[in-house]
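Notes to accompany the following structure.
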Amino acid sequence: MKFEDGEITFRKDIREAIFTDDAIVVCLAVSTDEMDNENVIGVDTSGDRLWEIEPVVPTSERDAPFMNLVERDGAL
């Protein structure tokens with residue numbers, strides 16, 4: 001992902017991104033056969049990483065990565 005001040009590389013391809021006034025929330029593309037449910041990351045408009053979603057403990061032997069982002073009334 002490219003920014004005015006540079007670019008940031010993520011460990012996976014970007015599945016989806018939502019742009020807010022001061023941040024970009026990115027959902028990384030993770031296949032369902034991988035164990036990686038920490039695939040939602042927030043970056044600022046300069047490309048600095050602000051946060052990464054906390055790991056979710058799977059309720060079964062299969063991991064459940066986030067598959068998309070939903071914005072309703074300005075909230076994710």
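Looking across Glu52, Glu34, one residue alone is free of Cβ contacts under 8 Å to residues at least 60 places away in the same chain, within 16 Å of Leu69 (Cα to Cα) and among the charged types (D, E, K, R). It is Glu52. I'd like to check something: does segment 57-70 contain any residue that is surrounded by 12 or more Cβ atoms within 10 Å (Cβ to Cβ), modelled with pLDDT under 85 and polar (S, T, N, Q)? Checked against the condition, which is being surrounded by 12 or more Cβ atoms within 10 Å (Cβ to Cβ), modelled with pLDDT under 85 and polar (S, T, N, Q), segment 57-70 yields no hits at all. The listed residues are Val30, Val40, Val25, and the only one of them that is touching a Phe, Trp or Tyr at 6+ places or on another chain (Cβ under 6 Å) and at pLDDT 75 or above turns out to be Val40. Inside segment 1-31, residues that are closer than 17 Å to Leu69 by Cβ, in contact (Cβ under 8 Å) with a residue 24 or more places away in the chain and among the aromatic types (Phe, Trp, Tyr) make up a count of 1.
The values are calculated or read from the model by the stated rules, or taken from the named source; none is laboratory data. These figures come from a predicted structure and were not determined experimentally. Heads up, the Cβs are rebuilt from the backbone with ideal geometry, glycines too, and the neighbour counts pull from every protein chain shown.
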